[in-house]
Structures are given as C-alpha cells and as structure tokens.
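Could you have a look at this structure, given as structure tokens, before my questions?
The values are calculated or read from the model by the stated rules, or taken from the named source; none is laboratory data. Nothing here was measured: the structure is a model prediction, and the numbers come from that model. Here the Cβ positions follow ideal geometry from the backbone for every residue, glycine too, while neighbour counts run over all protein chains shown. Heads up: the accessible areas ignore ligands, DNA and RNA and are worked out on the full protein's heavy atoms, side chains in. Shrake-Rupley method; radii C 1.70, N 1.55, O 1.52, S 1.80 Å.
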Amino acid sequence: MRSQDLQVFEAAVGAIREEGRYRVFADIMRERGRFPHATLRREDGSTRDIVVWCSNDYLGQGQSPEVLDAAHAALDKVGAGAGGTRNISGTTSYHVDLERALAELHGKQTALLFTSGYVSNDATLSTLAQLFPDLWIFSDEQNHASMIEGIRRAKCERRIFRHNDLQHLEALINEAPAEAPKLIAFESVYSMDGDTAPIEAICDIAQAYGAMTYLDEVHGVGLYGPTGWGVAERDGVMHRVDFIEGTLAKAFGAMGGYVTGPAAAMDAIRSTASGFIFTTSLAPSIAAAALESVRIVRECPHLRDRLAERAERLKTMLFEAGIPVMSESTTHIVPVLVGDAARCKKISDILLYDHGIYVQPINYPTVPKGTERLRITPSPFHDDALMERLVASLKAVWAMCPVHTSAP
C-alpha cells in the first residue's frame with residue numbers, strides 16, 4: 001500500500017480523535033452466573049472486577065442456565081456451525097422451530113431468520129423496493145442505521161418525517177401518487193432516547209392511505225406486553241402492523257435477527273434478498289438457545305416487571321442526585337445527557353478505571369453532536385446496592401469533569 005493511501009486512513013482516524021469521539025473497546029469477560037459482574041483486562045494485562053451498566057442483554061438471558069443448557073445440547077448433537085447457507089445444508093430443526101415460534105408469538109403467518117438485526121432490516125427494506133419498483137418509503141428521522149441503510153439501498157422514492165410527528169408524516173404521504181405502493185418504517189422503542197412510537201396512530205394513517213407498516217421492535221420485543229412481544233402487543237395493535245422486525249441479541253440474550261409478516265411476503269423476501277440467500281446460517285446452538293429463551297421470556301412476566309421497576313427506581317435516584325436523565329425516556333433505557341464528546345468519554349473512562357463501573361460513551365454518529373450521553377441499561381439483576389454505588393460514583397465523577405475537558 002502506498003504511503004499516501006495510509007495517510008488517508010490516518011487522517012480519518014485523527015479527525016475522530018480530535019473531536020474526542022474515538023472509540024475504544026473495553027476488553028471484558030462476562031462471568032457465567034455473575035451477571036452483571038465481569039472482569040476488565042487492562043492494556044498492561046492486569047484485571048479488575050467491574051459492573052456492566054450498558055449491556056443490551058436486558059433480562060440477563062445470556063446467562064440463563066436453561067438457555068445455556070439448550071445451546072450445549074445442540075452443540076453436542078449437531079456440532080458447532082450450520083455448515084452453509086439456509087438453502088445449502090444450513091437449515092436445521094432448530095431454525096425451523098424458532099421461526100415458527102417467532103411468527104406465532106407476533107401473530108404473523110411466517111418469520112424469517114437473519115444473522116443479525118442489522119441484516120434483517122437492511123435486507124428486508126432494500127428487497128421490498130425491488131418487489132415494488134414504484135414504492136414510496138416514509139421513515140422516521142430517528143430510525144436505526146440499519147433501516148436507513150436498507151432504505152438508502154432501496155433507491156426508491158423516500159421521505160423522512162420528523163420524529164413521531166404524525167402531521168408531518170401525513171403531509172409527506174400526500175405528496176405521493178394515490179396509486180403508488182407505500183411503506184411507513186418506524187421503531188417501537190428508540191434506543192438512544194428511550195421514547196416510543198405512537199403505533200396505533202401511525203397504523204391509522206397507514207390504513208387511510210393504503211400504506212404498509214414496518215415496525216422495528218428490537219428494543220421492545222421480550223420487554224413489553226402480556227407475553228413480552230413488544231410495544232405493539234402492549235398497545236393492542238400487533239395485528240395492525242404488516243411487518244414486525246426483531247432481534248435475538250437483546251432481551252433473548254443470544255444473537256440474530258428476524259422479520260415476521262404475511263407468508264407470501266416472507267416467501268418473496270426469502271427468495272430474493274441477497275442478505276438472506278448468500279450468508280451462512282446461524283449456528284444451530286445459537287438457534288436452540290434463542291428458542292429456549294423465547295419460551296422462558298414468554299412464560300416469565302416477573303422478569304419484565306422487575307426490569308421496569310429497576311429502570312424507574314434508577315431514574316428517580318439519578319434525578320434526586322442532580323444527574324441529568326433525559327426526560328424523553330419512558331422505557332427501560334436510562335440516558336444521561338452529557339452534551340460534549342470529550343467530556344462524555346472522560347466520564348466513562350473514570351467510571352470504568354477508577355470505580356469499576358462500565359458505561360460506554362455514546363457519541364456522534366450514533367447520536368447528533370451536542371447530545372452525547374451515557375446510555376445506562378439496568379437489568380433485573382442490578383440490585384439496590386449496585387444502583388447506590390452507580391449513583392454515588394456518577395455524582396462524584398460529574399463534578400470532576402467540566403465541559404470541554406480533553407480526553408485522557
């Protein structure tokens with residue numbers, strides 16, 4: 001590689017460093033049976049015990065004995081990998097049974113597994129535009145990067161409506177030809193602010209204009225509703241949403257993504273989406289683990305109740321301590337506004353290395369510049385003592401780090 005080519009890479013990283021938003025990955029080892037405790041390994045090879053406060057394993061299912069037993073059983077029975085794509089030897093009974101369970105529990109005819117939630121959004125949204133050449137997509141401005149990328153790759157007419165702004169959405173839909181196929185894409189829980197979408201009202205608009213609806217329930221599935229199938233179930237409108245996309249990597253503690261919907265639509269996506277056709281299938285042990293986790297989460301509403309109680313308790317404690325919890329959050333996500341990239345990273349570093357508390361800084365491009373934050377995610381296993389320790393540490397570190405402090 002030429003030296004001038006290397007300079008391009010170095011300049012790109014240098015600019016990110018200067019803005020204080022260079023990302024450093026914490027080298028941690030979660031310990032079976034001790035969630036949310038983990039071990040941090042420093043660069044010098046030394047270690048220390050830490051408490052993880054930013055995991056998306058919202059219910060701790062990645063440590064569930066039953067889930068781990070299911071994974072081990074599948075591993076012992078069929079081996080490590082899937083052996084190929086879903087079409088070429090990569091479909092096992094674990095995959096088929098998991099798709100059936102996901103479709104049933106979202107009230108849809110069929111489900112389709114993908115290797116991640118990112119891929120399921122990207123592949124499905126881009127493929128829908130191939131199937132409907134005249135498609136118009138209407139996307140909430142705060143949709144996840146995977147949805148944005150899928151819509152961008154769709155190369156169809158697309159309009160971005162202001163976050164949860166129904167009047168703006170309807171005004172944009174009125175720009176489209178009446179006969180044109182339309183799709184409204186939005187999320188149930190927006191993962192950085194912790195607010196939710198007005199799903200019923202969006203479905204009303206979709207019905208009035210003959211639009212399809214595509215709902216990302218990644219941060220809602222497993223956590224809301226009588227059986228844990230998301231905000232749409234909680235609000236009683238699951239049957240009104242055409243496509244529901246979700247993940248196995250958050251409330252279910254495994255990995256992978258999926259989309260559910262009408263059988264004809266899922267068959268067409270299965271047959272045409274390159275993100276599905278040309279990638280190796282999920283490992284059978286992962287599918288088996290996810291299937292067991294789905295069963296547990298559906299049958300254990302006390303996990304959801306405990307998570308909701310922990311989140312509300314923590315918000316109250318932070319507020320009383322003078323820590324700026326973002327008021328938009330009405331969910332289990334607890335975002336604390338910092339508003340400066342360098343300060344956000346410094347606070348995170350001090351919490352990790354001096355206090356043994358791991359909360360990753362969230363900076364641009366994940367959130368807009370000026371809204372940098374700590375995104376805290378309590379779980380049912382963060383007890384009062386851990387919460388009191390977090391609040392005390394945050395309060396101490398907050399006073400140490402004035403705005404515009406340079407990153408260490």
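Please give the number of the condition HIS72 fails out of (1) closer than 30 Å to ARG298 by Cα; (2) touching a Lys or Arg at 6+ places or on another chain (Cβ under 8 Å).
With (1) closer than 30 Å to ARG298 by Cα; (2) touching a Lys or Arg at 6+ places or on another chain (Cβ under 8 Å) applied to HIS72, the lone miss is (2).
Inside the stretch 358-374, can you point out the residues that are of a type in the set (A, V, I, L, M) and in a loop (DSSP other than H, G, I, E, B)? Break it down stepwise before answering.
Keep residues of the stretch 358-374 that are of a type in the set (A, V, I, L, M), which gives 359, 362, 367, 374.
Of everything in the stretch 358-374, those that are of a type in the set (A, V, I, L, M) and in a loop (DSSP other than H, G, I, E, B) turn out to be VAL359, VAL367.
Now for a separate question. Exactly one of (1) at pLDDT 95 or above; (2) assigned to a loop (DSSP other than H, G, I, E, B); (3) open to solvent by 10 Å² or more (accessible area, probe 1.4 Å) is unmet by PHE252. Its number?
Checking PHE252 against (1) at pLDDT 95 or above; (2) assigned to a loop (DSSP other than H, G, I, E, B); (3) open to solvent by 10 Å² or more (accessible area, probe 1.4 Å), the one that fails is (3).
Looking only at the stretch 87-109, which residues are surrounded by fewer than 21 Cβ atoms within 10 Å (Cβ to Cβ), in contact (Cβ under 8 Å) with a residue 40 or more places away in the chain and not in a helix (DSSP H, G or I)?
ASN87, GLY90, THR91, GLY107, GLN109
If a residue must be closer than 22 Å to PHE319 by Cα and among the aromatic types (Phe, Trp, Tyr), how many such residues does the stretch 336-377 contain?
The total comes to 1.
While we're looking at this one, here's another question. Answer yes or no: is there a residue in the stretch 354-374 that is acidic (Asp, Glu) and over 30 Å from GLU18 (Cα atoms).
So in the stretch 354-374, the residues acidic (Asp, Glu) come out as 354, 372.
With over 30 Å from GLU18 (Cα atoms) added as a condition, the list becomes none.
Within the stretch 354-374 (the criterion being acidic (Asp, Glu) and over 30 Å from GLU18 (Cα atoms)), the answer is no, since none of the residues qualifies.
From the set of residues in the stretch 356-394 that are open to solvent by 50 Å² or more (accessible area, probe 1.4 Å) and at pLDDT 95 or above, which is nearest to ARG343 (Cα to Cα)?
ALA392
In addition: Name the single residue that is modelled with the lowest pLDDT among those in the stretch 143-176 being over 22 Å from GLY194 (Cα atoms) and outside any helix (DSSP H, G or I).
Across the stretch 143-176, the extreme among qualifying residues is LYS155.
Confirm whether VAL67 is outside any helix (DSSP H, G or I), touching a helix residue (DSSP H, G or I) at 6+ places or on another chain (Cβ under 9 Å) and not polar (S, T, N, Q). Spell out the reasoning first.
Values: outside any helix (DSSP H, G or I): no; touching a helix residue (DSSP H, G or I) at 6+ places or on another chain (Cβ under 9 Å): yes; not polar (S, T, N, Q): yes.
Taking the combined requirement at face value, the residue does not satisfy it.
Could you pull out the residue among VAL241, VAL231 that is free of Cβ contacts under 8 Å to residues at least 60 places away in the same chain and under 16 Å from the mean Cα position of the chain (by Cα)?
Numbers: VAL241 fails: under 16 Å from the mean Cα position of the chain (by Cα).
After ruling out the rest, the residue left standing is VAL231.
Would it be correct to say that LEU223 is closer than 20 Å to GLU149 by Cα and either outside any loop (DSSP other than H, G, I, E, B) or open to solvent by less than 20 Å² (accessible area, probe 1.4 Å) (or both)?
no
Now a separate question. Residues SER271, SER293: which one is open to solvent by 60 Å² or more (accessible area, probe 1.4 Å) and part of a helix (DSSP H, G or I)? Spell out how you get there, then give the answer.
Details: SER293 fails: open to solvent by 60 Å² or more (accessible area, probe 1.4 Å).
The unique qualifying residue is SER271.
I've got another one for you. I'd like to verify a number: residues in the stretch 233-244 that are out of contact with any His (no Cβ under 8 Å at 6 or more places or on another chain), crowded, with 24+ Cβ neighbours inside 10 Å and closer than 18 Å to THR331 by Cβ, how many?
0
Give me the pairs: first residue in the stretch 147-176 and closer than 20 Å to GLN130 by Cα and of a type in the set (Lys, Arg), second residue at pLDDT below 95 and crowded, with 20+ Cβ neighbours inside 10 Å, beta-carbon distance under 7 Å, and six or more apart or on different chains, which are they?
LYS155/ALA129
Can we say ALA26 is open to solvent by less than 40 Å² (accessible area, probe 1.4 Å) and either assigned to a loop (DSSP other than H, G, I, E, B) or modelled with pLDDT of 95 or more (or both)? Break it down stepwise before answering.
On the way: open to solvent by less than 40 Å² (accessible area, probe 1.4 Å): yes; either assigned to a loop (DSSP other than H, G, I, E, B) or modelled with pLDDT of 95 or more (or both): yes.
Considered against the rule, which asks whether it is open to solvent by less than 40 Å² (accessible area, probe 1.4 Å) and either assigned to a loop (DSSP other than H, G, I, E, B) or modelled with pLDDT of 95 or more (or both), ALA26 comes out as yes.
Still on this structure: Just to check your reading of the model, which residue among ASP195, ASP216 is in contact (Cβ under 8 Å) with a residue 60 or more places away in the chain, open to solvent by less than 10 Å² (accessible area, probe 1.4 Å) and not hydroxyl-bearing (Ser, Thr, Tyr)?
Numbers: ASP195 fails: open to solvent by less than 10 Å² (accessible area, probe 1.4 Å).
Sole residue among the options that is in contact (Cβ under 8 Å) with a residue 60 or more places away in the chain, open to solvent by less than 10 Å² (accessible area, probe 1.4 Å) and not hydroxyl-bearing (Ser, Thr, Tyr): ASP216.
For every residue, the table says whether it meets (1) crowded, with 16+ Cβ neighbours inside 10 Å; (2) farther than 19 Å from MET255 by Cα; (3) not aromatic (Phe, Trp, Tyr).
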residue	(1), (2), (3)
GLY84	no, no, yes
SER126	yes, yes, yes
LEU135	yes, yes, yes
GLU141	no, yes, yes
HIS144	yes, no, yes
ARG162	no, yes, yes
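Another question about this same structure. Checking the structure you have, find out if any residue of the stretch 375-393 is free of Cβ contacts under 8 Å to residues at least 60 places away in the same chain and assigned to a strand (DSSP E or B).
No; the residues of the stretch 375-393 include none that is free of Cβ contacts under 8 Å to residues at least 60 places away in the same chain and assigned to a strand (DSSP E or B).
Name every residue in the stretch 305-328 that is assigned to a helix (DSSP H, G or I) and open to solvent by less than 60 Å² (accessible area, probe 1.4 Å), in order of residue number.
Filtering the stretch 305-328 for residues assigned to a helix (DSSP H, G or I) gives 305-320.
The answer is LEU307, ALA308, ARG310, ALA311, LEU314, LYS315, MET317, LEU318.
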